[in-house]
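Contents: one structure, followed by commentary.
The values are calculated or read from the model by the stated rules, or taken from the named source; none is laboratory data. Note that the structure is predicted; figures quoted are calculated from it, not measured. Heads up, the Cβs are rebuilt from the backbone with ideal geometry, glycines too, and the neighbour counts pull from every protein chain shown. Surface areas here come from the heavy atoms of the whole protein model, side chains and all, with no ligands, DNA or RNA. Shrake-Rupley method; radii C 1.70, N 1.55, O 1.52, S 1.80 Å.
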Amino acid sequence: MRAQRHLRDQPECVEHGFLALFEAAVAQFRGEVDEAASLAERATELGQRFGDRDLVAMGIHLQGLARISAGGVAEGMALLDEAMTWVVAGELNPYFTGVIYCNVLSICLELADLARAAEWNKAATAWCESLPEDAPFPGLCRLNRIEAANLRGAWSDAETEAKRASEELTFNPRAAGHAFYETGEIRRRIGNFAGAEEAFTRAHELGFDPQPGLALLRLAQGKAEAALGALGLAVAGNSGSRLRRARLLAAQVEVALAAGDLDAARTASRELETIAGDFGTPALEAGAATARGALRLAEGEVPEAIEALRHACVTWRDLRLPYEAAQTRALYGLALRKAGHEEDARLELRAALAAFERLGAGADAAKAADLLAGPAALPGGLTVREVEVLHLVAAGRTNREVAAALTVSEHTVARHLQNIFAKLGVSSRAAATAFAVEHGLA
């Protein structure tokens with residue numbers, strides 16, 4: 001590149017350090033975290049040698065981001081805190097102050113470290129208020145406040161802030177797309193599916209990937225096949241941040257289970273467990289435990305499901321993430337019900353329902369209320385979708401005809417039949433039909 005050519009034959013100077021910073025940021029974006037860390041260390045060393053505070057602070061903060069991406073969360077966060085001491089002391093150029101604020105808050109939110117995020121967000125807000133109205137950073141910092149409010153369950157405040165951010169960030173289409181994505185997530189959770197669709201579409205138009213939110217919207221709309229396909233593409237296309245990949249994998253487990261694809265759920269759950277083990281953060285561990293618990297429940301391994309979901313419930317609660325905690329409590333209630341602990345199951349389901357109602361999560365509240373009405377009276381441990389498939393098979397429909405009737409693929413029908421045969425302990429359509437007739441499902 002041009003800068004490299006100009007500096008190639010020059011003695012080492014501060015400009016070499018800023019070039020190393022740029023190269024470190026590119027390597028970090030590509031997922032080349034060892035290269036990013038090495039370049040950031042070089043930038044820091046040059047900054048110290050030539051007495052450039054901006055270069056030192058930026059180098060330390062990029063080292064921190066690289067360490068976190070490699071799984072060294074504690075070491076990385078310590079480096080970010082060190083960089084932030086330069087920021088809060090007011091010793092840096094406003095541009096580099098804004099970059100470090102935004103990146104530190106963003107990684108805190110990715111790790112669901114809300115306590116640290118709140119501490120730095122307060123300082124960032126005060127700094128933003130001191131800037132001119134046309135400065136870029138107030139809108140960018142607002143994105144972090146939106147994410148934090150969304151995680152805390154303050155959805156009305158978050159949506160108001162997201163609307164303002166989308167108007168402030170017209171100079172940065174992708175950042176504006178991020179604001180629309182957060183709006184879509186809020187609307188999906190409160191059950192405003194049309195509004196969520198509109199927001200996710202706008203995010204995509206502006207260059208911000210609308211996954212996993214759009215896939216989870218498709219699942220809520222009853223389009224599990226479309227959701228699973230979209231997440232498969234998103235996971236395959238993710239070659240950078242493992243933290244983002246973890247969010248995609250958690251959604252993939254949920255969608256795959258709803259679609260009856262246990263193999264896909266197992267694959268996603270195993271990789272999610274690996275990422276959680278490498279990073280060792282409470283939020284990732286809770287996400288992996290939730291996915292594992294849901295998978296074990298679908299596999300009929302109820303004791304293992306109870307253990308995983310109990311752990312996840314406690315962690316989500318300790319992290320003060322109310323929506324995730326409520327979702328997991330509902331799953332935990334189902335697992336307790338499967339184990340025959342109906343009274344305990346109802347306690348968990350009531351707690352989940354109350355949390356969903358407080359949040360305004362209408363669709364989730366309706367599901368929890370349905371579950372509280374009593375255990376599903378479906379024989380053989382079949383799901384509602386499996387009963388639909390069995391009903392059509394018992395009526396003599398072929399897999400192709402069943403697929404057309406339910407608007408799914410033949411592959412999905414075959415997978416449902418495999419699960420039905422396993423649950424009923426049969427090996428033929430005729431035996432499954434006999435079960436359907438006997439239990440009034442034909």
With the first residue restricted to region 195-215 and required to be in contact (Cβ under 8 Å) with a residue 24 or more places away in the chain and part of a loop (DSSP other than H, G, I, E, B), and the second required to be surrounded by fewer than 19 Cβ atoms within 10 Å (Cβ to Cβ) and of a type in the set (S, T, Y), Cβ contacts under 9 Å at 6 or more apart or on different chains are P210/T201
Of the residues in region 326-346, those that are of a type outside the set (A, V, I, L, M, F, W, C), open to solvent by less than 20 Å² (accessible area, probe 1.4 Å) and under 21 Å from R152 (Cα atoms) come to T328
May I ask you to say which residue of L441, L392, L349, L372 is closer than 28 Å to I306 by Cα and buried (at least 17 other Cβ atoms within 10 Å of the Cβ)?
L349
Among A194, A165, A220, A226, the single one that is open to solvent by 30 Å² or more (accessible area, probe 1.4 Å) and either at pLDDT 95 or above or in contact with a His (Cβ under 9 Å, 6 or more places away or on another chain) (or both) is A194
Does region 77-87 contain any residue that is within 20 Å of S239 (Cβ to Cβ) and either surrounded by fewer than 19 Cβ atoms within 10 Å (Cβ to Cβ) or in contact (Cβ under 8 Å) with a residue 40 or more places away in the chain (or both)?
no
How many residues of region 26-81 are closer than 17 Å to S241 by Cα, at pLDDT 95 or above and among the polar types (S, T, N, Q)? The answer is 1
Within the set of pairs 6 or more residues apart or between chains, which connect a residue that is surrounded by 10 or more Cβ atoms within 10 Å (Cβ to Cβ) inside region 124-136 to a residue that is part of a loop (DSSP other than H, G, I, E, B) with Cβ atoms less than 9 Å apart?
W127/G90; C128/A135; P136/L169; P136/F171; P136/N172
Working only within region 201-217, note down all residues that are in contact with a Lys or Arg (Cβ under 8 Å, 6 or more places away or on another chain) and open to solvent by 40 Å² or more (accessible area, probe 1.4 Å).
G207
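Answer yes if at least one residue in region 10-23 is within 26 Å of R116 (Cβ to Cβ), touching a helix residue (DSSP H, G or I) at 6+ places or on another chain (Cβ under 7 Å), at pLDDT 90 or above and open to solvent by less than 20 Å² (accessible area, probe 1.4 Å), and no otherwise.
So far as region 10-23 goes, yes, one or more of its residues are within 26 Å of R116 (Cβ to Cβ), touching a helix residue (DSSP H, G or I) at 6+ places or on another chain (Cβ under 7 Å), at pLDDT 90 or above and open to solvent by less than 20 Å² (accessible area, probe 1.4 Å).
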Among the residues of region 193-209, which ones are at negative phi and small (G, A, S)?
A194, G195, A196, A199, A203
What about R329, is it charged (D, E, K, R) and not in a loop (DSSP other than H, G, I, E, B)?
yes
What is the residue count in region 386-436 for residues that are more than 27 Å from A226 (Cα to Cα) and either touching a Cys at 6+ places or on another chain (Cβ under 9 Å) or in contact (Cβ under 8 Å) with a residue 40 or more places away in the chain (or both)?
5
Collect the residues in region 281-319 that are under 16 Å from the mean Cα position of the chain (by Cα) and not in a helix (DSSP H, G or I), keeping them in residue-number order.
T281
Looking for something in contact with a helix residue (DSSP H, G or I) (Cβ under 6 Å, 6 or more places away or on another chain) and under 29 Å from R116 (Cβ atoms) - is there at least one such residue anywhere in region 332-349?
yes
Identify the residue in region 249-301 that is at pLDDT 95 or above and of a type in the set (S, T, Y) and, among all such residues, is surrounded by the most Cβ atoms within 10 Å (Cβ to Cβ).
T290
